[in-house]
1. Which parts of the stretch A:518-553, residue by residue, lose 20 Å² or more of accessible area when the rest of the protein chains are there, as against the chain isolated (1.4 Å probe)?
2. List the accessible area buried at the contact between B and C, summed over both sides and calculated with a 1.4 Å probe, in Å² to the nearest 100.
3. Other chains' Cβ within 10 Å of C:50-57 residues: what's the mean?
4. Calculate, for B:Ala135 and B:Arg180, the FRET efficiency according to 1/(1 + (r/R0)^6) with r their C-beta to C-beta distance and R0 22 Å; round to the nearest 0.05.
5. Report the chymotrypsin sites (Phe, Trp or Tyr not before Pro) located in the stretch A:47-154 that are in a DSSP loop and have at most 16 other Cβ atoms inside 10 Å of their Cβ, or state none.
6. Per residue in the stretch B:191-227, which ones lose no less than 50 Å² of accessible surface when going from chain alone to all protein chains (1.4 Å probe)?
7. Could you state the number of Å between the C-alpha centres of the stretch B:303-354 and the stretch B:418-490?
8. Using a cut-off of 12 Å between beta-carbons, work out the net charge of the residues near A:Ala75 (Lys and Arg +1, Asp and Glu -1, A:Ala75 not included).
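The values are calculated or read from the model by the stated rules, or taken from the named source; none is laboratory data. Because the structure is a prediction, the values reported are computed rather than measured. As a convention, Cβ positions derive from the backbone with ideal geometry for all residues, glycine included, and neighbour counts pool all protein chains shown. When the accessible area is computed, the model is the full protein with side chains, heavy atoms only, and any ligands, DNA or RNA have been set aside. Shrake-Rupley method; radii C 1.70, N 1.55, O 1.52, S 1.80 Å.
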Amino acid sequence: MTVDLRPEQDHRARAARLERALGPAADPANPLGHRAVLAADERGELLADGERALREFGLNAEFVPEHLGGRFTRADRLGQLMRAVFRRDCALGIGYGVTSFIAALPVWADGTPDQQARVGRTLLAGGRVVAAYTELDHGSDFSRTEFTAEPGPGGYVLDGGKQLVNNISRAEMAVFFARTADGPGSRGHSHLLVDLTALPAGRVRRDRRYPVSGVRGCLLGGIEIDGCPVPGDALLGAEGGAMETVLRVFQVTRAVLPSMVVGVGDTQLRTVLEFARDRQLYGRRLADLPSARSTLAGCFADLLICDAFASVVARSLHLRPGETSVGAAAVKYLVPKLLQESSYRLSVQMGARSYVRTGPYAIFQKTARDLPVVALAHAGSAVCQASLVTQLPRLAERGWRAALAGEAPEPVDGGSVYDLDAPLPPLHLGGLELNARGADSLAGDLVRLHTVLAGQPASAPLAALTGLFVTELRGLSGRALALAPRDRTVLAGPRAFTLADRYAHVLAAAAVAGVWWHARRTAPDTPAADPAWACVALHRLAGRLGLRPGPLPPEPQDRVFADLTARHEAGHTFDLFRGRLASGPA
Amino acid sequence: MSGATLTAPTGGWTPNALAAELEKALGDPGRIVRQSAALDRAERFPAGICRELDALGLPRWFVPVAHGGELRDSEDLAQLIRVLSRRDFTVALAHVKTYLGVVSVWLAGSDRQAAALAARVSAGEVVSLALTEQAHGSDLLAGDLSAQPLPSGGWRLDGEKWLINNATRAGMVCVLARTRPEGGARGFSLLLVDKAALTPGSWRALPAVPTHGVRGADISGIAFTGARVPAGALIGAEGEGLETILKGFQITRTLCSAMSLGMTDHAMRLALRFAGGHRLYGRTLAELPQAARALAESYVDMLAMEAVSLVGVRSIHALPAEQSVASAVVKYLVPSLGDQVLDALRGLLGARAMLVADHADGAFQKLDRDHRIVGIFDGSTAVNLNLLVNQFPALVRGYRAGHADEPGLAAAVTFAGPPPPLRPERLALYSRSGSSVVQSLPAAVAAVRGIAVPGSLVARCDRLLAVADEVHEALSAVRPSPRGVTEETFALARRYAVLYAAAAATHLFVAGHAARAADPLWRDGLWLDAVLARLLRRLTGEPDLDDEDGPAVDALLPVLRAQHDEGRLFSLFPCELAKEKP
Amino acid sequence: MTDTSQTTTETAETVRAWLVDRVAFYLERPAADIDVSAPLVDLGLDSVYALTLCGDVEDRFGVVVEATMAWDHPTVNAMTDHLTGLVSGDR
């Protein structure tokens, strides 16, 4: 593009261009439409035309930092942009995009200029870099990794296997998480950036495929390496530094991946809304039955919760990098959970049609199979909860105590984390901290906002709702401080996990309230500034925690449903970004 | 598999005796699991396994003893379905669906029809039930397929049925047809169609519909164009079709719960095996408290599912006039709880839960996909909740009057011998007396107080009584809305179903504890305490912030392990399983 | 927990004893059972959980340490050496 656009317009234009490149989802003649996507899924293949279109669009550039010739500047925007791909085909989103993004992050964080340039070149040329972390025998416990890189002539010798690695069979490069020292310590692992095409044939097998029930098109594969030498400059970052890098840079993926997956929820909701508008039941349209409307409006509100939470944490990566070890884990825990529960409720509305792999609503069953797989991708919910658990007592002692006492410092960003269209400073991966050291400015913001709302009679419903979460935070605080020692370790039990679950809800509520509040000032004419969605969203979060928010008044729910149908008719996305869907012939 | 056929067990009666007998006959479940996994991947019908089941004489169990078959009561079917479902659901579905096709004849057919059908079914004929149509989903009164009387006698069929189990394989199809153009509750009739007797060209099979789960199953349809069937095809009187179907549903919907029991049993076994072997942080997964809790909670939910299923199935015989309530509760609640159990176990298995070929032959993802259909077919969750909502006034009346059919109730919850005989004429579309199971909860709680059980259980029972009052208070406030049922009203119906389950479990314990005093599962009300703890959370929506339920739930872990290690069914009652070959 | 100490009178022995207490607290074992020369991971404090130790240290000694302090000094003895230098020395 030669036109000089302001960044915001540029971003919207890029999202629109990507959506246009994919064409209308519902057009049966569109080679990238849902019909083609379903056919590829049935064959267990990644949609080849889709990969081609994304290559032509230059999607990989979205994962490469600007100074290396790419377009990656903002974590929140990447999440929003990728929703276009995830609305279309989760497998394409994971199989074409996300794997390379995940693998490249340690390179951007720790790589030498040469390593960064090589990976940048590979990606910009449409190549693939894959993240080789998983060993089935050890699951989420990276510290027990068995794949080794031992010192050898001129570098390292690789030995062992990795499983469930996307695209490993056809990637040019891979980042391996490898053991470089004996024993189970946290400094025993290193990243190695390996040119897969240069490995000696006969010592590598990477043609093993693991078929999965969701994202069936993804090429989840395995690699077995039998004593392969790699040069010394394969080492990525310091020897023994991989665990630390993982805990840093995966904060980015934990925030951004769920944001992308909001696109899957969008497609599900759209499909069921269409079904509800088509289907006659007992003499009227399903969409006119009050329970169906409640379900649809509720699922829409849940999508907006997911978007608000993921976007705020993604923005925090730029603005409050010291705290995102907490927020990112909470997003990766809660957003997939909300999306999967929505998926279930929507399937109940559809009944038998949710079970059928043909016909106008067939994309639903595909998304329902895809969601649990992406929910697991990159860190399952137990891992994320566990990493919250370890931080709870200190959060209570410091961040929450200050917040609840009204003594939390005013954030230096002036609340820009909630202002979704505001500019962001660059993302410094090195600035991400492994541990929030008890800081929690989101909680501080929530308490402050509640105090403001409580002083405005016009905001009584939202004041009451935010008040529930402030009270909840107070309860969590006492319980986090009282956690038994073992509940602060890997032996943590249900008490600690329950607290982590509830705390994630409080953070999501803080994000929702903050986004609404700031939109009122900066984007007063948008749906995000309408208190209706915030009201329904907070009501739902409170209901999930059993906080007894009372009956939801019909008015906000009707407004949310009206917004949903208006977007559907106008071809707008079901998120806070409210982009335009491709229409007309492809 | 042995050459013998499955006949009624000869030893003393126990609730799971027939299940154990079929286990013995089928042997190592792994064989069927492996075959089915491959067939599911190839989307092929498990014809070979179904033939083996035919050879075992299973079809004779779809025919009541009175008509010359083996079927003594509904519990027989529940046990067979459970045992088949814990091996493979495609197989269970393919086989057992014949009972759905024939039950209308047992309920409403003539003696001649029944005798003829009994002979065909016993010989292995597949009979399909064709209700739903592409455009109308679960709205049966909107069906377009018509049967017009012919001047010569007999009927002319026109129209299509879609998404029908075994529609293509079946030799006979039980079709719900519009017999009055204006439709309505008396506008539909049931016809038993013998495909072989139709004029070629007057019907055709519709192509198989690819589905999310049960990929090898024959889910297809059938289309008629001027197909002529004889007058004798009519089941019951003209215009009685809907009534017969709805009464049949009260039996079959209740039996669907056994599918969930079987599949969750299989899932739990996969999860336990994995959790016992997978090492994390220097321990097995099963040793991590949070994972152990997920297992224990799932087990408790499975016991709750079983309790409500057992009482619901026995109620077909013991409380037939109230089965419109029990069947809706069971059909909604048990599959929904089953979905939640599978959710929890999926979380535990992680990536292995998604592997199609690699971990235990991809068994978990198959049963996970398969199970979703249980809440959908044969009356979806929405349909069953609507049925409950329609009966709210009777439920409130019955509760306030404290009405209970004492002998019927005692028979429904006491598992000391076979259930009373089925009296199909007592099945009613609407329960005038509400639900004795729920309405006699105060008596059951009083009985618990008289048994030496821990204080925690007594406290939970007291809480349950208070919640029962609240629920009925809320039910009484519901007014029919011209716009349709609201989400809040559906939520109440779900609560009522949970309350029913809690009441059923309490009755079951009271009636059975003395006989099972030596069983650690029953001693000190161990299982009831945990089941009520979990159900009360669902009823009240109150979070368990301080892990108050933890001790009761975790107390079941040793029993869970023992049942697993000793090769017994995950059940309130003993049942020895076939040995699994490693 | 002990009061936060801002004094510079910490000796290796007081630091070590406090660390032993802390590790014993998490593991719910008597302090006497804690092997001061064994890696924390072998004792049962895994990577992510060992990060919490840094917070405890900061609160107790009023110093700022790397979050990965317990990774780089993976035994009680190693941490003691590291911390003694910090808390008694040139702050």
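1. A:Gly546, A:Arg548
2. On the way: alone 22070 and 5070 Å², together 26980 Å².
Roughly 200 Å² of accessible surface disappears when B and C pair.
3. Numbers: counts 4, 9, 9, 0, 4, 11, 3, 0.
Partner Cβ neighbours, averaged per residue: 5.
4. Values: r = 19 Å, r/R0 = 0.87.
The formula returns an efficiency of 0.70 here.
5. Qualifying residues, ordered by number: none.
6. Listed in order, they are B:Pro210, B:His212, B:Arg215.
7. Cα centres, the stretch B:418-490 to the stretch B:303-354: 17 Å.
8. Values: positive: A:Arg74, A:Arg77, A:Arg254, A:Arg315; negative: A:Glu62, A:Asp76.
Computed value for this residue: +2.
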